[in-house]
1. In the set Arg45, Arg51, Arg40, which member is without any contact (Cβ under 8 Å) to a residue 24 or more places away in the chain and not aromatic (Phe, Trp, Tyr)?
2. Restricting the range 1-15 to residues that are open to solvent by less than 60 Å² (accessible area, probe 1.4 Å) and not in a loop (DSSP other than H, G, I, E, B), which is nearest to Ser48 (Cα to Cα)?
3. Looking at Glu101, is it surrounded by fewer than 19 Cβ atoms within 10 Å (Cβ to Cβ) and in contact with a helix residue (DSSP H, G or I) (Cβ under 9 Å, 6 or more places away or on another chain)?
4. What about Val72, is it outside any helix (DSSP H, G or I) and crowded, with 19+ Cβ neighbours inside 10 Å?
5. Could you say which residue among Arg40, Arg108 is at pLDDT below 90 and open to solvent by 40 Å² or more (accessible area, probe 1.4 Å)?
6. Just one of the numbered conditions (1) of a type outside the set (A, V, I, L, M); (2) assigned to a helix (DSSP H, G or I); (3) under 19 Å from Val83 (Cβ atoms) is not true of Pro43; which one?
7. For the range 50-69, which residues satisfy the criterion of being surrounded by fewer than 19 Cβ atoms within 10 Å (Cβ to Cβ) and among the small types (Gly, Ala, Ser)?
8. Would you point out which residue out of Ala129, Ala93, Ala144 is part of a helix (DSSP H, G or I), modelled with pLDDT under 85 and touching a helix residue (DSSP H, G or I) at 6+ places or on another chain (Cβ under 7 Å)?
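The values are calculated or read from the model by the stated rules, or taken from the named source; none is laboratory data. The structure displayed is predicted, hence computed values, not measured ones. Because the Cβ atoms are built from the backbone with ideal geometry, glycine has one as well, and the counts that use them run over all protein chains shown. Just the protein is used for accessible areas: all its heavy atoms, side chains included, with ligands, DNA and RNA removed. Shrake-Rupley method; radii C 1.70, N 1.55, O 1.52, S 1.80 Å.
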Amino acid sequence: DPTTPETLHLSGLCDLRRAYASGDAATATKAKKLFGAAQRADPTRAGSLFRYFESSLVESGTSEVTQHLLDVLVTAYNLSPQVDDIALATAQALIQHEQFEDAVYILRPMVGDVHASERAEFAKQLIDAAKAERLDGFMLSGSAQISSDDR
């Protein structure tokens, strides 16, 4: 059934991958619409919200997070705070919007993760930047890869 949240999400991932490969904004827009439809069909889909955010960045060709996209990320984080990619992107967007305390709150649990030392170090660097209220060197990025956290 092409209208199930799972099918819509997977179709969106295919389009997002094509958009990354080609740099085509129209394909990213198509992906964004599919992720939005998947989330409307199942409002608990944090992964679809995250990919909606990601495809919006690819579509615009910038790392600037609008207030709308920040709201999308915060909703995704609230649905799945345990998903590191969502937490990191949300914290980075909060830093971009100068909401430093909220970013530190999200990042703090990641710093002590001995199983993901590189991610823990990155989280610590973000916390240091947030505590210093610095935005220099800030850049959001992502990749359209299916993972076990992709819901």
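1. Values: Arg45 fails: without any contact (Cβ under 8 Å) to a residue 24 or more places away in the chain; Arg51 fails: without any contact (Cβ under 8 Å) to a residue 24 or more places away in the chain.
That would be Arg40, the only listed residue that is without any contact (Cβ under 8 Å) to a residue 24 or more places away in the chain and not aromatic (Phe, Trp, Tyr).
2. Checked the range 1-15; the qualifying residue nearest to Ser48 (Cα to Cα) is His9.
3. Numbers: surrounded by fewer than 19 Cβ atoms within 10 Å (Cβ to Cβ): yes; in contact with a helix residue (DSSP H, G or I) (Cβ under 9 Å, 6 or more places away or on another chain): yes.
Yes, satisfied.
4. Values: outside any helix (DSSP H, G or I): no; crowded, with 19+ Cβ neighbours inside 10 Å: yes.
Here the answer is no, as Val72 does not meet what is asked.
5. Values: Arg40 fails: at pLDDT below 90.
Within the list Arg40, Arg108, the selection yields Arg108.
6. All conditions are met except number (2).
7. Ser60, Gly61, Ser63
8. Details: Ala93 fails: modelled with pLDDT under 85; Ala144 fails: part of a helix (DSSP H, G or I).
It is Ala129.
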